[in-house]
Amino acid sequence: MPKGKTANMKKLIFLFTLIPMLMVAQSNNGSNGSSFFDWGLRAGIHNTQTSVNGADGLVRSGDPQAGYHLGTFTRFNFGVFYIEPEFQFASSRGELEFIKDGESSAYRNIKFNRFDVPIQVGQKLGPLRIYGGINFNFNRSEGVSNVIAGGLRDETRAWRAGLGLDAGNFSMDVRYESSLGNNVEGIRLNGEPFSGNLRFTHIYLSLGFTII
């Protein structure tokens, strides 16, 4: 990863390390039981669907593939509204179908890891939450060069929307996420690169636990 992008990652990690310390100080000063900060852990599973355009019609989207994610979340509460940034690691898979003479000739799986920094804005409706936002993706895709020319782009973005349910310190979230742009420079077929537009859509199911 280029130095500038590595520096961006270090700044984000520092930020998400500093936030819990600030929350502890805030909670120690609180006296009315209400909390401006919430911080906790979140993990779950997701499926990934690829969407392909271009590549001369020689590549199509395959079946959804399962992955997992885990990380932390921070919630800044403003009455019934809130802002919730997260920092998470996600391991995902996608499938591409290669076409020859108009028929399916082979399937190729791509596996990629990434660090995600979603920032979401939501509203509480009793124990329910509705929210949406943007996810900043920092991709690590060294193992996909046989399918994707040049690998995944180092930094991509996606929009997301979701529903959440809170029960005490526990929470459950269901989210939909879709790429905002092309994730690749090209797609490789029989060793030859083709121009193409590859995007991902994800459906997440997560469980969370609020620690602070």
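For the range 183-212, what are the residues that are touching a Lys or Arg at 6+ places or on another chain (Cβ under 7 Å) and within 14 Å of residue 136 (Cα to Cα)?
183
Table: residues versus (1) modelled with pLDDT under 95; (2) under 22 Å from the mean Cα position of the chain (by Cα); (3) farther than 28 Å from residue 166 by Cα; (4) not in a strand (DSSP E or B).
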| residue | (1), (2), (3), (4) |
| --- | --- |
| 11 | yes, yes, yes, yes |
| 23 | yes, no, no, yes |
| 27 | yes, no, no, yes |
| 34 | yes, no, no, yes |
| 42 | no, yes, no, no |
| 50 | yes, yes, yes, no |
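Restricting the search to the range 65-94, which residues are of a type outside the set (A, V, I, L, M, F, W, C), surrounded by fewer than 17 Cβ atoms within 10 Å (Cβ to Cβ) and either closer than 18 Å to residue 139 by Cβ or without any contact (Cβ under 8 Å) to a residue 24 or more places away in the chain (or both)? Talk me through it step by step, then tell me what you get.
We begin by selecting, within the range 65-94, every residue of a type outside the set (A, V, I, L, M, F, W, C); these are 65, 67-69, 71-72, 74-75, 77, 79, 82, 84-86, 88, 91-94.
Filter once more, so that each one left must be surrounded by fewer than 17 Cβ atoms within 10 Å (Cβ to Cβ): 68, 77, 79, 91, 93.
68, 79, 91, 93 - these are the residues of the range 65-94 that are of a type outside the set (A, V, I, L, M, F, W, C), surrounded by fewer than 17 Cβ atoms within 10 Å (Cβ to Cβ) and either closer than 18 Å to residue 139 by Cβ or without any contact (Cβ under 8 Å) to a residue 24 or more places away in the chain (or both).
Please determine whether any residue of the range 118-138 is of a type in the set (S, T, N, Q), modelled with pLDDT under 85 and at negative phi. Spell out how you get there, then give the answer.
From the range 118-138, those of a type in the set (S, T, N, Q) are 120, 123, 135, 137; that's our starting set.
Okay, now just the ones that are also modelled with pLDDT under 85, so none.
There is no residue in the range 118-138 that is of a type in the set (S, T, N, Q), modelled with pLDDT under 85 and at negative phi.
From the set of residues in the range 95-117 that are modelled with pLDDT under 85 and touching a Phe, Trp or Tyr at 6+ places or on another chain (Cβ under 6 Å), which is surrounded by the most Cβ atoms within 10 Å (Cβ to Cβ)?
97
Checking the conditions here, which among 75, 93 is touching an Asp or Glu at 6+ places or on another chain (Cβ under 9 Å), part of a strand (DSSP E or B) and of a type in the set (D, E, K, R)? Walk me through it before giving the result.
Working: 93 fails: touching an Asp or Glu at 6+ places or on another chain (Cβ under 9 Å).
Result: 75 is the single residue among 75, 93 that is touching an Asp or Glu at 6+ places or on another chain (Cβ under 9 Å), part of a strand (DSSP E or B) and of a type in the set (D, E, K, R).
The values are calculated or read from the model by the stated rules, or taken from the named source; none is laboratory data. A quick note: this is a predicted structure, and the numbers were derived from the prediction, not measured. Note that we place each Cβ from the backbone using ideal geometry, even for glycine, and neighbour counts take in every protein chain shown.
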